[in-house]
Amino acid sequence: MVAGAMSGCAASAQGSGSDDRPVVLTTFTVLADVAQNVAGDHLRVESITKVGAEIHGYEPTPRDIAKASEADLILDNGLNLESWFGQFVESVDVPHVVVSDGVEPLDITEDAYAGKPNPHAWMSPVNVQLYVDNMVDAFAELDPEHAADFEANGAEYQAKLQKVQDELVTGLSALPENQRALVTCEGAFSYLARDAGLTEQYIWPVNAEQQATPQQITSAIEFVETNDVPAVFCESTVSDKPMQQVVEATGAAFGGTLYVDSLSAADGPVPTYLDLIRYDATTIVDALTGSGS
Ligand SMILES: [Zn+2]
């Protein structure tokens, strides 16, 4: 027993000294965390953008490009999330895989981005099950020796995603149909709303750089009043001031802050993707059904 522990120790010390595992680079923290769950210990997974970074309009540095050129595989979200990525990936000679492949895209319906797919597909645990399938395939090709492990890790992770999805749907089922509405600042929740049977309403569409217009706020107020919506929400990355106007005008509760584009640091509220999607699902169900406090 002692000998076993010793050799295990020696092996891991050697491993950290010269880490020759294949390197998988993702474009943002959410993908890195999902990928790490699928990869287990077999691959080294890192994110190009850091926790809290603005991911849509990120500008890669020369250091990012140097790092990427040494990676064995790059994973990007696709659906126009990473507007910077096309040029980035062309500058390095590394294969890349689009993890949203197979997701049924929802288009943005308003403003400058009308007709373009909404990139926030990972905001539905159902879609992320597809992300996992794509990662399992990509990793099996990269490291065929561990294909069975990737498959097992993926299946285990998909079961956890299914549980979040089931709890969300069950939690919302008690609500009258008109109150099954998700009113947020940005239109980042189209996929979650679709897969959870919620009507989506937002003050402004995704990626809009302008402030909320008075008309946008008025139409959110009208929606909340017409449907007697119990609570409204706002994403962590934007100002909730316009939504507070909706709260004041309608008497709906402010249901809380939702996380979308980035994980938090390890000691924050959403250090993993499962934490993020569980946090959002629980916040939404609790605020809409009044079961939180
Ligand atoms: Zn976003």
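Restricting attention to the stretch 17-56, and to residues there that are out of contact with any Ser or Thr (no Cβ under 8 Å at 6 or more places or on another chain) and of a type in the set (V, I, T), which single residue is farthest from the ligand (Cβ to nearest atom)? So, considering only residues that are out of contact with any Ser or Thr (no Cβ under 8 Å at 6 or more places or on another chain) and of a type in the set (V, I, T), the one farthest from the ligand (Cβ to nearest atom) is V23.
Return the residue satisfying two criteria in turn: it lies in the stretch 172-202 and is away from the ligand (no atom under 16 Å from the Cβ) and in a helix (DSSP H, G or I), and of such residues it is most open to solvent (accessible area, probe 1.4 Å). Give the steps one after another, and end with the answer.
The initial filter retains those residues of the stretch 172-202 that are away from the ligand (no atom under 16 Å from the Cβ), namely 172-181, 183, 194-199, 201.
Those still in the list that are in a helix (DSSP H, G or I) too: 172, 177-179, 194-196.
Values: L172: 2, E177: 145, N178: 73, Q179: 34, R194: 89, D195: 39, A196: 13 Å².
Filtering the stretch 172-202 for residues that are away from the ligand (no atom under 16 Å from the Cβ) and in a helix (DSSP H, G or I), the one most open to solvent (accessible area, probe 1.4 Å) comes out as E177.
Just the residues that are without any contact (Cβ under 8 Å) to a residue 40 or more places away in the chain and in a loop (DSSP other than H, G, I, E, B), please, taken from the stretch 220-236. Selection gives S236 alone.
Could you tell me whether any residue of the stretch 203-211 is closer than 21 Å to V128 by Cα and either within 16 Å of the ligand (Cβ to nearest atom) or open to solvent by 40 Å² or more (accessible area, probe 1.4 Å) (or both)? Yes; the residues of the stretch 203-211 include at least one that is closer than 21 Å to V128 by Cα and either within 16 Å of the ligand (Cβ to nearest atom) or open to solvent by 40 Å² or more (accessible area, probe 1.4 Å) (or both). Checked against (1) open to solvent by 40 Å² or more (accessible area, probe 1.4 Å); (2) within 15 Å of the chain's Cα centre (by Cα); (3) touching a residue at least 24 places away in the same chain (Cβ under 8 Å), Y279 passes all but a single condition, namely (3). When V97, V169, V136 are checked against the criterion of being away from the ligand (no atom under 16 Å from the Cβ) and in contact with a strand residue (DSSP E or B) (Cβ under 8 Å, 6 or more places away or on another chain), a single residue qualifies: V97.
Provide a single number: the residues in the stretch 71-94 that are open to solvent by 30 Å² or more (accessible area, probe 1.4 Å) and more than 16 Å from the ligand (Cβ to nearest atom). Break it down stepwise before answering.
Within the stretch 71-94, the first condition is being open to solvent by 30 Å² or more (accessible area, probe 1.4 Å), and the residues that meet it are 72, 79-80, 83, 86-87, 90-91, 93.
Of the ones still in play, those that are also more than 16 Å from the ligand (Cβ to nearest atom) are 72, 86-87, 90-91, 93.
Total satisfying the criteria: 6.
The values are calculated or read from the model by the stated rules, or taken from the named source; none is laboratory data. This is a predicted model, so every value here is computed, not measured. Cβ coordinates were reconstructed from backbone atoms using ideal geometry, including for glycine residues, and neighbour counts include every protein chain displayed. Heavy atoms of the whole protein, side chains included, go into the accessibility calculation; ligands, DNA and RNA do not. Shrake-Rupley method; radii C 1.70, N 1.55, O 1.52, S 1.80 Å.
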